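The numbers here are math on the coordinates, done by the rules we state, and not lab data. All figures in this text were calculated on a predicted structure; none of them were measured in a lab. Cβ atoms come from the backbone with ideal geometry, glycine included; neighbour counts cover every protein chain shown.
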Amino acid sequence: MKYTKYPELKADLKELAKEIKKQKWLRDRWYDTDKQQWVFQLKVVQLAYDFRHLHIAYCMLRGRKYEEIENYCREAPDFKRIDRIRGEHIEETLRACA
């Protein structure tokens with residue numbers, strides 16, 4: 001398996017992507033369930049919001065600037081949330097004294 005700097009964060013991103021895909025599939029076939037379509041759409045929007053912030057935090061931890069991650073967006077992300085995610089996943093590095 002290829003090495004990644006933040007494997008637990010990468011795994012969270014992959015799991016969210018799978019869940020978004022599943023909820024979109026359910027949203028498109030809502031008539032087979034007892035729920036209404038907006039229930040599935042609301043879940044898709046919430047998961048996409050979470051994914052966006054996790055993705056930005058992951059890219060920033062790997063050294064990218066926000067301008068490189070999102071060239072254009074209509075709504076600015078919640079930077080407090082991004083900083084909190086980065087703080088949870090930042091790797092502690094020890095310096096060796098010379």
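What to note about this one:
- DSSP loop chymotrypsin sites (Phe, Trp or Tyr not before Pro) with at most 14 other Cβ within 10 Å: longest gap in the chain: 4-71
- Within the chain, helix-based [θ] at 222 nm, where runs of 4 or more DSSP H residues each add -39,500 (n - 2.57), nearest 500: -21000 deg cm²/dmol
- Remark: the chain carries a charge dipole of roughly 220 debye about the Cα centre, counting +1 on each Lys and Arg Cβ and -1 on each Asp and Glu Cβ.
- Of the GluC sites (Glu not before Pro) found in the stretch 32-82, those that fall in a DSSP loop while having at most 11 other beta-carbon atoms within 10 Å are 75.
- Springs between Cα atoms under 10 Å define the GNM used for the chain, and in it the highest mean-square fluctuation of 35, 24, 65 occurs at 35.
- DSSP H segments from the chain that extend 18 Å or more along their own axis, Cα-based, with Kyte-Doolittle mean of 0.0 or above: 37-61
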